[in-house]
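Input: one structure, supplied below.
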Amino acid sequence: MQSHCCECNDGSVQFEEELERVLPLELPYRERLIAKAAQHLHLILAANEAMNLTRITGPQDAAIKHVYDSVAPWKHFVLARRVLDAGTGAGFPGLPLSIVLPGTQFTLAESIQKKARFVDSAVEALELHNVKVVAERAEQRALAQLPEIIIARAVAPMHKLVELFKKPLRQGSTLMLYKGPEVDQEIEESRSANLDAEIVCRYELPNGLGTRTLVQIRAQARTARTALSAS
């Protein structure tokens, strides 16, 4: 039975085909992700005519650089109950991650109001009940919510993010940053006497589109315990 209109066939179906091709077979809820991520990408494509959500809109690049990149390190978030996506933009990486990790509560923070409204409408359209969108700065939400993990992708340099989230880090949150291949200098610049920064995984994007690195930053155990005792 045909349920898609012609416009959706031009958009969502192409996205589905690319997602089917590139996403790892062992990914949890893979078929659910393919369907919902294709719908999300189609919504972005339509909204992009009125607002600048992303320059990456072609089916192949969008499937890889948006969706694959978002979910590739999913195993590092599987035990978290609460995750904050800082500066989610069009919904990445938080929205795809929320689909493959339905037992985790995701808060997607976006300070630009029109982008936050778009992501909120996408979450409603995709019926993602484990996602909340907030139109505010992520560092303010992090202090109010104190998530276990704060994720950020293509938001700001590492040292700036460490400075923005130093209080929740001291109170036990972990910062997980999606970065490119060259991160050693950024890691050195971000280290302090009370923070540990390390690469927890590297992965290659399909079609030779580049190497990605996931960097974990957290307070040293003694510092975190002292901060929690004082709070």
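The values are calculated or read from the model by the stated rules, or taken from the named source; none is laboratory data. As the structure is a prediction and not an experimental result, all values here were calculated from the model. FYI the Cβ positions are ideal-geometry reconstructions off the backbone, even for glycines, and counts take in every protein chain you see.
Which of the residues that make up the stretch 46-65 are over 18 Å from THR88 (Cβ atoms) and assigned to a helix (DSSP H, G or I)?
Once the filter is applied, which keeps residues that are over 18 Å from THR88 (Cβ atoms) and assigned to a helix (DSSP H, G or I), the stretch 46-65 yields ALA46, PRO59, GLN60, ASP61, ALA63, ILE64.
To continue, here is another question. What are the residues in the stretch 46-87 that are modelled with pLDDT of 95 or more and of a type in the set (Ser, Thr, Tyr), if any?
Within the stretch 46-87, TYR68, SER70 meet the criteria.
Does ARG202 qualify as being at pLDDT 95 or above, surrounded by fewer than 20 Cβ atoms within 10 Å (Cβ to Cβ), of a type in the set (D, E, K, R) and closer than 25 Å to PRO24 by Cα?
It is true that ARG202 is at pLDDT 95 or above, surrounded by fewer than 20 Cβ atoms within 10 Å (Cβ to Cβ), of a type in the set (D, E, K, R) and closer than 25 Å to PRO24 by Cα.
Of the conditions (1) surrounded by 24 or more Cβ atoms within 10 Å (Cβ to Cβ); (2) more than 20 Å from GLU31 (Cα to Cα); (3) out of contact with any Ser or Thr (no Cβ under 7 Å at 6 or more places or on another chain), ALA109 satisfies every one except a single condition; which number is it?
It fails just one condition, (3).
Hey, can you tell me all the residues within the stretch 4-45 that are among the polar types (S, T, N, Q) and modelled with pLDDT of 95 or more?
Scanning the stretch 4-45 gives a single hit, GLN39.
Give me the pairs, please: first residue somewhere in the stretch 204-216 and on the phi > 0 side of the Ramachandran plot, second residue anywhere and not hydrophobic (A, V, I, L, M, F, W, C), beta-carbon distance under 8 Å, and either six or more positions apart or on two chains.
ASN207/GLN60; GLY210/GLY180; GLY210/PRO181; GLY210/GLU204
So in the stretch 112-126, with the set limited to residues that are of a type outside the set (Gly, Ala, Ser), within 19 Å of MET51 (Cα to Cα) and in contact (Cβ under 8 Å) with a residue 24 or more places away in the chain, which one is surrounded by the most Cβ atoms within 10 Å (Cβ to Cβ)?
The selected residue is VAL119.
Just give me the residues in the stretch 116-164 being farther than 21 Å from GLU188 by Cβ and either touching a His at 6+ places or on another chain (Cβ under 7 Å) or in a loop (DSSP other than H, G, I, E, B) (or both), in sequence order.
ALA122, LEU126, GLU127, LEU128, HIS129, ASN130, ALA135, GLU136, ARG137, LEU146, PRO147, GLU148
Given (1) modelled with pLDDT of 95 or more; (2) touching a strand residue (DSSP E or B) at 6+ places or on another chain (Cβ under 7 Å); (3) not hydroxyl-bearing (Ser, Thr, Tyr), where does GLU124 come up short, assuming only one miss?
(2)
Separate question: I'd like the full set of residues that are modelled with pLDDT of 95 or more, over 18 Å from MET51 (Cα atoms) and small (Gly, Ala, Ser), limited to the stretch 127-147.
Scanning the stretch 127-147 gives ALA138, ALA142.
Can you tell me which of LEU95, LEU108 is out of contact with any Phe, Trp or Tyr (no Cβ under 7 Å at 6 or more places or on another chain) and outside any strand (DSSP E or B)?
LEU95
For residues in the stretch 206-222 being among the hydrophobic types (A, V, I, L, M, F, W, C) and surrounded by fewer than 16 Cβ atoms within 10 Å (Cβ to Cβ), which is nearest to the chain's Cα centre (by Cα)?
LEU209
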